[in-house]
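Visitor: Sharing a structure, written as structure tokens. Questions coming.
The values are calculated or read from the model by the stated rules, or taken from the named source; none is laboratory data. Quick caveat: nothing in here was measured; it's all calculated off a predicted structure. Cβ sites come from the backbone with ideal geometry, for glycine too, and all protein chains shown count toward neighbours.
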Amino acid sequence: MFKIDLGKNSNVFLDNHYNRLVENSFTLGSQKIKNESSLKKRIDNRIQLLKSSLTSDPLCEKFFQDLKKDNYKWLKIIIQGDPKQLSKVIANVKTRISKGVYPNIEYMKKGDPDKKFGDHIRYVFNYDAFITKPKISKSKVKAGIPYKYDAYKLAEAVNVNVCPYCNRGFTFTLTKGEERLVRPEFDHFFDKATYPYLALSFYNLIPSCHICNSGLKHDAAFTLGNNLHPYLEGLDDYLKFTVKLKDKKLLDGIRKKEIKDYISLFYGNLDGFSLDLIHRVGCERKNLRRANQTHKVFKTIDLFEMHKDLIVEMLQSALIYNESLIQEYIINFEGKLFRNREDILRFLNRNYMKKEDLSKRPFSKINQDIAVEFGIPY
């Protein structure tokens with residue numbers, strides 16, 4: 001798992017996410033566009049419904065009135081708030097439910113079989129609508145009217161091309177004009193079944209691959225106290241991959257770059273070593289616990305054990321590539337096949353080798369860790 005870096009544009013992403021979801025209209029270029037399904041309109045719809053003499057329910061209505069207070073201050077925190085603020089929102093809602101200010105999410109007014117409190121919340125924070133592909137309208141395209149803001153637009157904006165949870169699968173977003181083709185799934189760090197009011201929160205939508213989102217994490221109860229959040233930190237901050245060779249002499253030989261009889265390792269004997277994650281020096285115990293609990297959910301070691309052939313290639317590199325060979329490449333190929341030393345190292349190591357580039361290509365973390373362990377130049 002790596003940390004997602006939004007760079008200097010994070011405020012731009014957050015403001016766009018809020019405006020396109022919440023406001024009744026927004027400006028795009030020189031156009032002022034009406035937002036027919038804005039959260040503000042949906043909130044007003046629920047308040048009117050819950051005030052109606054036939055469907056009156058002050059207990060539910062209170063939640064939506066609070067979203068409107070102080071010029072939608074609380075709503076803005078829910079949509080734009082960082083992970084720590086979202087954690088406080090959860091605590092706040094839980095407290096108000098325990099004090100009877102709001103009903104339980106599963107609450108249903110006696111004699112009203114239609115809507116639970118949670119259903120009203122899901123109407124406002126409508127994730128299903130957010131991920132639904134819009135129908136192509138040629139007249140809209142001709143008029144230059146943009147389609148609704150949706151999961152594709154968010155995925156394009158954050159531009160995370162590798163799953164941050166596993167660092168194994170690409171998560172490209174592909175569109176053709178207004179046609180939506182491919183995008184990553186979005187995991188809800190705080191699961192949307194338990195916390196439906198966070199279903200559209202920017203920092204609760206983690207671009208991820210299908211295996212991590214639907215197959216492994218699914219609706220696991222993640223918290224900041226027990227797990228790592230990709231917008232705050234990465235596994236690399238606390239843990240690193242290591243190779244455990246069963247033949248200790250072989251391990252010492254590779255680390256000392258003494259070429260011995262490695263044929264059994266390099267020709268298919270993948271049982272000769274295993275992978276593990278070990279803590280970095282100076283790692284606090286609480287963070288180590290959070291990192292361990294997170295990687296166990298995503299079966300990190302089990303999945304990377306299935307890619308041992310990549311590790312064999314890295315160990316081969318540890319024996320073959322040295323500074324003199326790199327200098328030879330620089331003399332012969334710099335400015336021809338490679339722009340600079342960094343390009344050459346990426347070629348030799350088969351991956352990006354800087355921490356800030358972890359998100360550019362699958363397997364970058366394990367490549368970097370193995371390179372460090374065995375003294376491969378990077």
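Visitor: Just give me the residues in region 202-216 being crowded, with 16+ Cβ neighbours inside 10 Å and either modelled with pLDDT under 95 or within 26 Å of Leu21 (Cα to Cα) (or both), in sequence order.
Guide: Correct list: Phe202, Tyr203, Asn204, Leu205, Ile206, Pro207, Ser208, Cys209, Asn213.
Visitor: Only one of Arg20, Arg46 is closer than 26 Å to Val160 by Cβ and of a type in the set (D, E, K, R). Can you tell me which?
Guide: Arg20
Visitor: Identify, from the list Ile43, Ile79, the residue that is within 19 Å of Tyr107 (Cα to Cα), of a type in the set (Val, Ile, Thr), at pLDDT 95 or above and not assigned by TED's automatic domain parsing to the domain that holds Asn367.
Guide: Answer to the check: Ile43.
Visitor: Among the candidates Asn16, Asn71, single out the residue that is modelled with pLDDT under 95, assigned by TED's automatic domain parsing to the domain that holds Glu156 and part of a helix (DSSP H, G or I).
Guide: Asn16 is the lone residue from the list that is modelled with pLDDT under 95, assigned by TED's automatic domain parsing to the domain that holds Glu156 and part of a helix (DSSP H, G or I).
Visitor: Cβ-Cβ distance below 9 Å, separation of 6 or more or different chains: which pairs start in region 170-194 with a residue that is over 13 Å from Lys133 (Cβ atoms) and end on one that is small (Gly, Ala, Ser) and part of a strand (DSSP E or B)?
Guide: From region 170-194, the pairs are Thr171/Ser208; Pro184/Ser208; Glu185/Ser208; Phe186/Ser208; Asp187/Ser208.
Visitor: Taking the stated definitions as given, is Ile47 touching a residue at least 60 places away in the same chain (Cβ under 8 Å), among the hydrophobic types (A, V, I, L, M, F, W, C), touching a Phe, Trp or Tyr at 6+ places or on another chain (Cβ under 8 Å) and closer than 29 Å to Asn19 by Cβ?
Guide: no
Visitor: Could you tell me which numbered condition Arg180 fails, if it satisfies all but one of (1) farther than 25 Å from Phe304 by Cα; (2) crowded, with 19+ Cβ neighbours inside 10 Å; (3) modelled with pLDDT of 95 or more?
Guide: Here Arg180 clears every test but (3).
Visitor: Check whether at least one residue in region 22-32 is modelled with pLDDT of 95 or more, assigned by TED's automatic domain parsing to the domain that holds Arg122, closer than 29 Å to Ile206 by Cα and small (Gly, Ala, Ser), and report yes or no.
Guide: No, because not a single residue in region 22-32 is modelled with pLDDT of 95 or more, assigned by TED's automatic domain parsing to the domain that holds Arg122, closer than 29 Å to Ile206 by Cα and small (Gly, Ala, Ser).
Visitor: Same structure again: Inside region 260-278, can you point out the residues that are at pLDDT below 95 and touching a Leu at 6+ places or on another chain (Cβ under 6 Å)?
Guide: Gly272, Phe273
Visitor: Taking region 65-81 on its own, how many of its residues are surrounded by 14 or more Cβ atoms within 10 Å (Cβ to Cβ) and more than 18 Å from Tyr197 (Cβ to Cβ)?
Guide: Residues flagged as surrounded by 14 or more Cβ atoms within 10 Å (Cβ to Cβ) and more than 18 Å from Tyr197 (Cβ to Cβ) within region 65-81 amount to 0.
Visitor: Please go through region 331-372 and pick out each residue that is surrounded by fewer than 17 Cβ atoms within 10 Å (Cβ to Cβ) and either in a loop (DSSP other than H, G, I, E, B) or touching a residue at least 24 places away in the same chain (Cβ under 8 Å) (or both).
Guide: Listed by number, the residues that qualify are Gly335, Lys336, Leu337, Arg339, Asn340, Arg350, Lys354, Lys355, Glu356, Lys360, Arg361, Val372.
Visitor: Considering only region 206-248, how many residues are part of a loop (DSSP other than H, G, I, E, B), over 27 Å from Asn159 (Cβ atoms) and of a type in the set (A, V, I, L, M, F, W, C)?
Guide: Summing the residues that are part of a loop (DSSP other than H, G, I, E, B), over 27 Å from Asn159 (Cβ atoms) and of a type in the set (A, V, I, L, M, F, W, C) in region 206-248 gives 1.
Visitor: Go through (1) modelled with pLDDT of 95 or more; (2) closer than 24 Å to Asp82 by Cα and name the single condition Asp219 misses.
Guide: Unmet condition: (1).
Visitor: Continuing with this model, one more query. Do we have any residue at all in region 299-306 that's in contact (Cβ under 8 Å) with a residue 12 or more places away in the chain, of a type in the set (A, V, I, L, M) and either over 22 Å from Leu239 (Cβ atoms) or not assigned by TED's automatic domain parsing to the domain that holds Phe273 (or both)?
Guide: No: zero hits.
Visitor: From (1) more than 19 Å from Thr194 (Cβ to Cβ); (2) within 28 Å of the chain's Cα centre (by Cα); (3) in a helix (DSSP H, G or I), pick out the condition that doesn't hold for Lys62.
Guide: It fails just one condition, (2).
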